[in-house]
């Protein structure tokens, strides 16, 4: 018992595990690897959290953000409301539309300009993004064409009949004969 205990004490004694330390040279310690991955993911999440943290903003900034979100839903819901009003009370709706008919033309132009600038700015930004993506795609076309030609050139790679490997390969000769 004493000899085996001394041998095991040499291998596993003094808080060390020689077998485990030797095995870690050839294979990654899964527990330590998982701990490193957890620490790396935690650090990345903290960095992202720091980058995207909203600063404390005043009441005016919050009010303006809320106000900027109102026009599109208000116009959509208002238009649906007009359709519902026309079906529920056609006389009331006709009276309101007659009033709108009295609005002078320059006021309609002003309203059209305001709505166009409001919605047009977003449309223009999206359109420019689309044009940029389209230009990047078109710039990649020559490389794609070259790649397709290279791949297509690999389609028929049968050796010539007078090549030495073709003469010494009976399976290839049988295939050619059947073709």
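The combined condition, being part of a helix (DSSP H, G or I), at negative phi and modelled with pLDDT under 85, is fulfilled by residue 166. Condition test on residue 177, is it over 30 Å from residue 72 (Cβ atoms), at pLDDT below 85 and either part of a loop (DSSP other than H, G, I, E, B) or over 44 Å from the mean Cα position of the chain (by Cα) (or both)? The answer is no for residue 177.
The rows are residues; the columns are (1) modelled with pLDDT of 85 or more; (2) assigned to a helix (DSSP H, G or I); (3) surrounded by fewer than 10 Cβ atoms within 10 Å (Cβ to Cβ).
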| site | (1), (2), (3) |
| --- | --- |
| 21 | no, yes, no |
| 41 | yes, yes, no |
| 53 | no, no, yes |
| 96 | yes, yes, no |
| 108 | yes, yes, no |
| 123 | no, yes, no |
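Can you find even one residue in segment 78-93 that is under 30 Å from residue 121 (Cα atoms), in a helix (DSSP H, G or I) and at pLDDT below 90?
Step one: list which residues in segment 78-93 are under 30 Å from residue 121 (Cα atoms), which gives 78-83.
When the remaining residues are screened for being in a helix (DSSP H, G or I), the result is 78-83.
Still in the list and also at pLDDT below 90: none.
The answer is no, given that none of the residues of segment 78-93 is under 30 Å from residue 121 (Cα atoms), in a helix (DSSP H, G or I) and at pLDDT below 90.
Pairs under 9 Å by beta carbon, first residue more than 17 Å from residue 114 (Cβ to Cβ) in segment 60-76, partner surrounded by 10 or more Cβ atoms within 10 Å (Cβ to Cβ), six or more apart or different chains? The qualifying pairs are 65/57.
The values are calculated or read from the model by the stated rules, or taken from the named source; none is laboratory data. Small disclaimer: the values here were computed from a predicted structure and weren't measured. Cβ coordinates were reconstructed from backbone atoms using ideal geometry, including for glycine residues, and neighbour counts include every protein chain displayed.
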